[in-house]
Amino acid sequence: MVAGAAGLGIGELVAGLLNPKSSPIVAVGDAAVDQTPAALKDWAIRTFGTSDKAVLLSGIVIVLTLIAAGLGLLARRRVGFGTTGLMLFGVVGAAAAITRPDSGSLDALPSLIGAGAGAWTLSILARRAWPLVEPGYEDLHTHRPPKTTPQPSTTPEASAAPASSTAPASSTAPASSATPQPSTKASVAGDVVHRPAVMRSGAQLHEFDRRGLLTGVAAGVVIAGVGGLAGRGLAGRLSVDTERARIALPKPVKPAKALPAGVDLRLKDLPPFTTPNRDFYRIDTALVIPQVDPKTWKLTIHGMVDRPVELTFADLLKRPLMEADVTLTCVSNDVGGPYIGNARWLGAHLADVLREAGIRSGADMLLSTSADGWTCGTPVDVVMDGRDAMLAVAMNGEALPVSHGFPVRQVVPGLYGYVSATKWVTDIKVTRFDQDEAYWTPRGWAPKGPIKTGSRIDVPRGGSTISAGRTAIAGVAWAQHRGIDAVEVRVDKGPWRQARLAEVPGPDTWRQWAVDDWQATPGRHTIEVRATDATGQTQTADYAPPTPDGSSGWHSILVVVK
Ligand SMILES: Nc1nc2c(c(=O)[nH]1)N[C@H]1C(S)=C(S)[C@@H](COP(=O)(O)O)O[C@H]1N2
Ligand SMILES: [Mo]
């Protein structure tokens, strides 16, 4: 395990020098994210939510620890088994690293060098741990003359004894521990008998190079820790935080409407109308947040266009920018789920940029790609219909946070994030849904994802205990680009009551709602909510899970009143 840890530490160090994404753990983790069967991934998102990445990384470390322990046991029989095993893991890591979308052959190095370092550490530690088997034990085999009659139940110890320099050990070692190879196999194996490298017991224990082993272990642990930390530190130098801090945001040519005074009902536990950037949910497939330098960022628009377009970040900032309040929603929310947030975005009108490129007839899909190779398919007609679809550069008055797509991301009101909100966007291919497929489509999610009308109860908290008397029930409802017209609430399947609706700047944001005077009586109560959008459609009571195109059903909570 120490050898494995030292190998990983060195791997992190080399990755820090070369490319943080080529770290063996990150590369294997990224590959695991992409290769995981959709059902398992959906379960992970459901179970661990936005901690799924931390859980995955811890899982990898646990699995690696168990494997390292297993290789350690194998190494007791033959150090070569352990070192070969470590090298095989290096090859797995290297394979994962070089097959990532944005990788090169150099990305194999952290895994290979790390594995080499691990194997080397193992061979040193093994020599100190098991000095008895050290002197060229691998050559400890003996040629025997072919037997005419098989020798029954002869231990390898016995048959090898005459030529073995460690033969005395067999007299003190219990037969069971000294005969890992079944005797029959040894005799059938023919004229070469491999002398197994074995642990000795009893009197031989004191012959361990105890001090050497302990210093070796300590050195290995130090290499692991220092390598890992130094690698992380080096990776940090690639952070674009300073570039981000330097960005001067232009004033929008088309500013957002001032928010009406009544957007916020200001109730305790009700999320604010505008979600602060630090509280905004984050969903993406990136284990390491892509660090995209705005100085070298470029957006290429190509495919079914008359004139391919290439935009730099400076080009983008020179365009007439617009501002809009738009609520993003993730398709993986179960009914009442948390992955929704509202922000004021600043950016270039995506339709204008596309018009300059000239979309050819027949094209119905924008296949956008992020710097880390994630892809997203957005219907052309939705983006072109006049809504505030943007190449966004800012969120709530500051440059996009790096985890939310710095320097540029897409924002399209009315579509779930997986079909619209590409972060770190670098490429838009104008194409057709029958010719191209985005990341989530082969993984069981619908190619198109308009946001379903939804509503959620935030107050009181589901499962909480509250005191009897007059109580507010409140939450949010959303039907982006259609708008929310009504929200109704009922308690214990009683009559539906109209909720009071907060103001909204337009149809693209969520809308707070409240029922202010529920008379809560002692006992357990179920509260349900349903919303009606501006087209007159009321949320269906029929439950649907998030896959393939978003959950449906009424959010319902249970509260205990005392
Ligand atoms: N590059 C990239 N962009 C992405 C994703 C991703 O995995 N990679 N996930 C999408 C999904 S599923 C959602 S819901 C939104 C979430 O945006 P946020 O993390 O800024 O809230 O980003 C979208 N953009
Ligand atoms: Mo999402």
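Each value in this text was obtained by applying a stated rule to the coordinates, not by laboratory testing. Keep in mind that this is a model prediction, so the values were computed, not measured. Every residue, glycine as well, gets a Cβ built from its backbone with ideal geometry; the counts of neighbours run over all protein chains shown.
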| query | So for THR121, THR83, fewest C-beta neighbours within 10 Å to most, what's the order? | reply | THR83, THR121
| request: Using +1 at the Cβ of each Lys and Arg and -1 at the Cβ of each Asp and Glu in the chain, identify which of ALA15, GLY212, MET395 lies farthest towards the dipole's positive end. | output: GLY212
| said: With +1 on the Cβ of every Lys and Arg and -1 on the Cβ of every Asp and Glu, and nothing else charged, how large is the dipole of the chain about its Cα centre, in debye rounded to the nearest 20? | reply: 1120 debye
| Relative contact order [Cα under 8 Å, 6+ residues apart], the chain, whole percent | 13 percent
| query | Normalised by the number of residues in the range 454-561, what is the relative contact order in percent for Cα pairs under 8 Å and 6+ residues apart? | reply | 34 percent
| remark: Normalised Cα Rg of the chain, dividing by 2.2 N^0.38 Å with N its residue count, works out at 1.29
| Considering only the other residues whose Cβ falls under 14 Å of the Cβ of ASP492, what net charge follows from Lys and Arg at +1 and Asp and Glu at -1? | +3
| query | Where Lys and Arg each count +1 and Asp and Glu each count -1, what net charge lies around TRP518 among other residues with Cβ under 12 Å from its Cβ? | reply | 0
| In debye, nearest 20: dipole of the range 277-443 around its Cα centre with unit charges on the Cβ of K, R (+) and D, E (-)? | 280 debye
| query | How large is the dipole of the range 454-561 about the Cα centre if only Lys and Arg carry +1 and Asp and Glu carry -1, each at its Cβ, rounded to the nearest 20 debye? | reply | 320 debye
| request: Let me have the 222 nm mean residue ellipticity of the chain computed from DSSP H runs of 4+ only, each contributing -39500 (n - 2.57), with the sum over all residues rounded to the nearest 500. | output: -10000 deg cm²/dmol
| said: Tell me which DSSP H helices of the chain clear both cut-offs, 20 Å or more of axial length from alpha-carbon atoms and a mean Kyte-Doolittle hydropathy of at least -0.5. | reply: 2-18, 52-77, 79-98, 109-129, 210-236
| Unit charges at the beta carbon, dipole of the chain: most positive-side option, VAL2, PHE313, HIS302 | VAL2
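Tell me the trypsin sites (Lys or Arg not before Pro) within the range 11-62 that lie in a loop according to DSSP and have at most 15 other beta-carbon atoms within 10 Å.
Loop-located and lightly packed - none at all.
For every other residue with a beta carbon closer than 13 angstrom to the beta carbon of ASP381, add +1 if it is Lys or Arg and -1 if Asp or Glu, then tell me the sum.
Once all neighbours under 13 Å are counted, the net charge is +1.
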| query | Can you pull out the trypsin sites (Lys or Arg not before Pro) in the range 324-414 that DSSP calls coil and that have at most 16 other Cβ atoms within 10 Å? | reply | ARG360
| field | Signed unit charges on C-beta, dipole axis of the chain, positive-most listed residue ALA534, VAL335, ALA44 | value | ALA44
| request: Give the percent of DSSP beta bridges with both residues in the chain that are antiparallel, rounded to the nearest 5. | output: 90 percent
| request: May I ask for the distance between the Cα centers of the range 536-562 and the range 461-480, given as a whole number of Å? | output: 15 Å
| said: Which of SER551, SER332 has the fewest other C-beta atoms within 10 Å, and how do the rest follow up to the most? | reply: SER551, SER332
| message | Give me the percent relative contact order of the range 359-427, please, defined on Cα pairs under 8 angstrom at least 6 residues apart. | response | 34 percent
